[in-house]
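FYI, it's all coordinate maths here, none of it is from the lab. Everything numeric in this text was worked out from a predicted model, so none of it was measured. Note that each Cβ is placed from the backbone with ideal geometry, even for glycine, and that neighbours are counted across all protein chains shown.
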Amino acid sequence: MKKILLLTDNEELLTRFKSLIREKGLSESSSYEFEYCFSPQNKVFIEKYRTVKWIRPLNVKNEVDFLSETYDLIISLHCKQIFPAALVNKVRCINIHPGLNPHNRGWYPQVFSILNGLPAGATIHEIDEDLDHGPVICQKEVKVESWDTSITVYNKVLDVELDLLNQKIIAILNGTYKTFTVGEGNLNLKKDFNSLCKLNLDEKDTFRNHINRLRALTHGDYSNAFFIDEEGNKVHLKIQLDRTNN
Ligand code: 0FX
């Protein structure tokens with residue numbers, strides 16, 4: 001019996017992962033036992049899962065010994081915590097990442113792909129000591145169209161993450177996959193995203209670059225891009241792109 005811990009802070013992916021392992025008969029299998037955790041700073045999950053036993057908050061940094069002694073495999077499915085070196089060197093840890101490594105590793109990869117033109121996609125990889133870095137198990141590119149915004153690329157990436165998991169889950173659970181390495185690429189942090197959001201009304205650039213900046217910051221209900229007007233008002237904006245057939 002292999003003990004597997006799935007750590008996630010993403011509701012949609014949690015639901016889709018549980019359906020996947022149910023459909024594959026893995027949740028009732030006597031070969032695997034799955035446990036579920038989320039980050040203690042995830043207020044939505046804390047409230048939602050307050051009264052249930054099957055999922056609980058877990059601070060990875062404080063539980064390195066317990067985790068490495070208890071689990072055969074730890075899967076990060078958009079878990080917001082960084083796994084310490086002491087953990088990843090003791091137990092096999094896998095990351096399902098919404099970017100095409102090594103391009104735009106780190107925060108919100110599709111946002112940066114829209115901006116800098118580097119490929120977008122999804123990657124499943126073993127976790128090493130660096131962020132979104134480590135031997136790649138599988139990955140797939142997602143095409144970014146001129147009419148895409150952050151949310152439309154992101155939704156395609158989530159579908160690809162699930163496709164990759166669907167293809168590789170048994171090999172991942174059993175550790176029977178081959179890996180390959182990719183380069184170092186580039187890394188974006190949360191502060192890089194935050195500084196993109198403030199628009200300078202006097203900035204001169206091409207229409208292409210201005211449109212790209214706005215579509216990279218357009219993601220459903222999130223209020224990302226903003227400017228400060230002459231009277232000091234903070235004004236948020238999004239872009240709408242409609243493709244018509246010629
Ligand atoms: O779970 P996740 O999709 O992924 C993020 C990182 O991008 C990823 O590299 C990391 N491995 C993972 C643990 O955390 O993040 P999210 O659900 O907070 O956001 C999903 C998308 O929503 C994001 O790609 C861009 C968009 N978004 C999110 C927030 C909170 C915005 O546009 N503005 C926001 O303020």
Sparse-neighbourhood loop sites, GluC sites (Glu not before Pro) in region 139-209 - DSSP loop, at most 16 other Cβ within 10 angstrom = Glu145, Glu184, Glu203
Centroid-to-centroid separation of region 83-160 and region 167-246 [C-alpha atoms, Å] | 14
Ordered by residue, what ³J(HN,Hα) values in Hz, to whole numbers, does region 195-203 give under the Karplus form 6.51 cos²θ - 1.76 cosθ + 1.60, where θ = phi - 60° and Gly and Pro are x?
-> 6, 5, 5, 7, 8, 9, 4, 9, 5
Amide hydrogen neighbours beyond the local backbone of Asn10, cut-off 5 Å, H modeled | none
Which cross-chain or sequence-distant (5 or more) residues have an amide H under 5 Å from the amide H of Asn104, H modelled 1.01 Å from N in plane?
-> Asn186
Residue-ordered couplings for region 207-217, obtained by feeding phi - 60° into the Karplus form 6.51 cos²θ - 1.76 cosθ + 1.60 and rounding to whole Hz (Gly and Pro as x), are 4, 3, 5, 5, 5, 4, 4, 6, 6, 5, 9
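Is it possible to state the helix-based mean residue ellipticity at 222 nm for the chain, with each DSSP H run of 4+ residues giving -39500 (n - 2.57), the sum divided by total residues, to the nearest 500 deg cm²/dmol? What is it?
Working: 8 runs with 81 residues, N = 246.
That calculation yields -9500 deg cm²/dmol at 222 nm.
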Compactness of region 76-141, expressed as Rg and Dmax over alpha-carbon positions, Å = 11.7, 37
If only Cα atoms are counted, what is the Rg of the chain, and what is its Dmax, in Å?
-> 19.6, 66
Under 5 Å between amide H atoms, partner at least 5 residues away or on a different chain: which partners does Ile94 have, H built in plane at 1.01 Å?
-> Ile74, Ile75, Ser76, Ile127
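Give, in whole angstrom and from largest to smallest, the semi-axes √(5λ) of the equivalent ellipsoid of region 163-246, with λ running over the eigenvalues of the Cα gyration tensor. Before the final figure, lay out each step's value.
Details: eigenvalues 294, 64, 41 Å².
Gyration-tensor ellipsoid for region 163-246: 38, 18, 14 Å.
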How large is the charge dipole for the chain, taken about the Cα centre, if only the Cβ atoms of Lys, Arg (+1) and Asp, Glu (-1) carry charge, to the nearest 20 debye?
-> 400
Provide, in order from the shortest bin, the percent of all Cα-Cα pairs of region 20-143 in each 5 Å bin, continuing until the bin that contains the maximum pair distance.
-> 2, 10, 17, 19, 19, 17, 11, 4, 1, 0
Rounded to the nearest whole number, the Stokes-Einstein translational diffusion coefficient of region 88-200 at 25 °C and 0.890 mPa s (Kirkwood radius, C-alpha pairs) in µm²/s is 169
Just need the Rg to Rh number for region 26-86, please, alpha carbons only, Kirkwood Rh.
-> 0.97
Loop-located trypsin sites (Lys or Arg not before Pro) in region 174-222 whose Cβ has at most 12 other Cβ within 10 Å (DSSP) | Lys178, Lys204
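For a quick check of your reading of the filter: which GluC sites (Glu not before Pro) in region 7-56 sit in a DSSP loop and have no more than 10 other Cβ atoms within 10 Å? If you can, show how the numbers build up before the last one.
Values: sites: Glu11, Glu12, Glu23, Glu28, Glu33, Glu35, Glu47; in loops: Glu28.
For GluC sites (Glu not before Pro) across region 7-56 that sit outside H, G, I, E and B with at most 10 neighbouring Cβ atoms in 10 Å, the list reads Glu28.
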Select from Leu173, Val160, Phe207 the residue farthest towards the positive end of the dipole of the chain; place +1 on Cβ of Lys and Arg, -1 on Cβ of Asp and Glu, and compute about the Cα centre.
-> Leu173
From phi via Karplus (6.51, -1.76, 1.60), per-residue ³J(HN,Hα) for region 66-77 in Hz, x at Gly/Pro = 4, 5, 6, 7, 9, 10, 8, 8, 10, 10, 9, 10
